[in-house]
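Since the structure comes first, as structure tokens, the remarks are kept for the end.
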Amino acid sequence: MSKPKHLGVTPPVDTSQSSEGEEALAVDLLSILKSEGQFESEGERKNREVVLGKIDKLVKEFVYRASLKHKLPESLASACGGKIFTFGSYRLGVHGAGADIDTLCVVPSHVTREDFFDIMAGMLKERSEVTEITPVPDAYVPVIKMQFSGVDIDLTVAVLQQPTIPEDLELFDNNLLRTMDKTCVRSLNGSRVTDEILRLVPNIESFRLALRCIKLWAKRRAIYSNSVGFFGGVAWAMVVARICQLYPN
């Protein structure tokens, strides 16, 4: 007889359903989180989607220009693609009003990190809606920081060892990491970890509500920062995800 499947390294501690009282408390918690500004407005949500759409188009144009720079024929350059992936709190669905968006730019093998900080950064500087642009090429995870139409964006890049980037590309395949340099692996890691967390929680909405609460609690007590030795966003997300595995219902 096969063992029942479960998410995580051990079976759940308790699989009983929530009581009516617990469900009422969850509704109250949601109301409190909204009153504390832990959710964005509908207008802000739409603006973020517009901004990400523009960045995706810019990334494809960047790959096209970089491909021409590297002497690819125009017909091939226009087919090289390029794609963005979000990660962090935005991808997890737990971002609040005014939060930044961690965004990964995935490009084909002939495009270099130097192209990213030269061509892509130059294209962004030409945009009137882009302000406070700060390229940081020597960071542990190289990044372009900016405000795009009022939205804070951290844009990173990963070079995949393949000639084109299709629209249906997913990042789960570990073979993508083969022959990739360590800097690109670190850039790719943020998106892969975020998606893996979402894949391993039994109830995404319960996870999101709990994580929003824990993040607010930690920030109010000044224990939310990996730069000073406390848990950061990913660590808190992993802890909450594990609790959700142990108490899935």
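The figures follow:
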| item | result |
| --- | --- |
| Sequence-distant residues sharing a close amide H with Asp100 (under 5 Å, placed H) | none |
| Around Ser225: net Lys/Arg minus Asp/Glu count, Cβ-Cβ under 14 Å | +4 |
| Nonlocal amide H pairs with Ile133, under 5 Å, H built at 1.01 Å | Gln147 |
| Per-residue HN-Hα couplings for segment 118-133 [Karplus 6.51, -1.76, 1.60; θ = phi - 60°; Hz; x = Gly/Pro] | 9, 6, 5, 4, x, 4, 5, 5, 7, 8, 5, 7, 9, 10, 6, 6 |
| Eligible aspartates and glutamates near Lys57 by straight Cα distance, threshold 16 Å, same-chain separation 8 or greater | Glu49, Glu126, Glu129, Glu167, Asp168 |
| Tilt relative to the chain, helix 182-200 - C-alpha long axis, 0 to 90 degrees, to 10 | 30 degrees |
| ³J(HN,Hα), Karplus 6.51/-1.76/1.60, whole Hz, each residue of segment 70-82, x for Gly, Pro | 8, 6, 6, x, 4, 5, 6, 4, 6, 9, 6, x, x |
| Only Lys, Arg (+1) and Asp, Glu (-1) charged, at Cβ; segment 42-184 dipole about Cα centre in debye | 240 debye |
| CD proxy at 222 nm, helix term only [per DSSP H run n ≥ 4: -39500 (n - 2.57); per residue of the chain; nearest 500] | -14000 deg cm²/dmol |
| Cross-link table Lys34/Lys215; Lys83/Lys145; Lys5/Lys215; Lys69/Lys125, entries beyond 21 Å C-alpha to C-alpha | Lys5/Lys215 |
| The chain: radius of gyration over Cα atoms, expressed as a fraction of 2.2 N^0.38 Å | 1.13 |
| Reachable lysines, given that their alpha-carbon falls under 21 Å from the alpha-carbon of Lys71 and they are not under 8 places away in the same chain | Lys60 |
| Segment 87-110-segment 154-210 distance, computed between alpha-carbon centres (Å) | 11 Å |
| Kirkwood-Stokes translational diffusion coefficient of segment 42-184, alpha-carbon pairs, 25 °C, 0.890 mPa s, µm²/s | 157 µm²/s |
| Nearest-ten-degree value, helix 20-35 long axis tilted from longest Cα axis of the chain | 40 degrees |
| Calculated over segment 1-119: convex hull of Cα atoms, volume per residue (Å³) | 204 Å³ |
| Neighbour-count order for His110, His95, His6, fewest beta carbons within 10 angstrom listed first | His6, His110, His95 |
| Rounded to 5, the percent of DSSP beta bridges in segment 42-184 classed as antiparallel | 65 percent |
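Rule-based calculations on the coordinates, nothing more; no lab input. From a predicted model like this one, the values you see are computed outputs, not experimental measurements. Ideal geometry is used to build each Cβ from the backbone, glycine not excepted, and the neighbour counts take in all protein chains shown.
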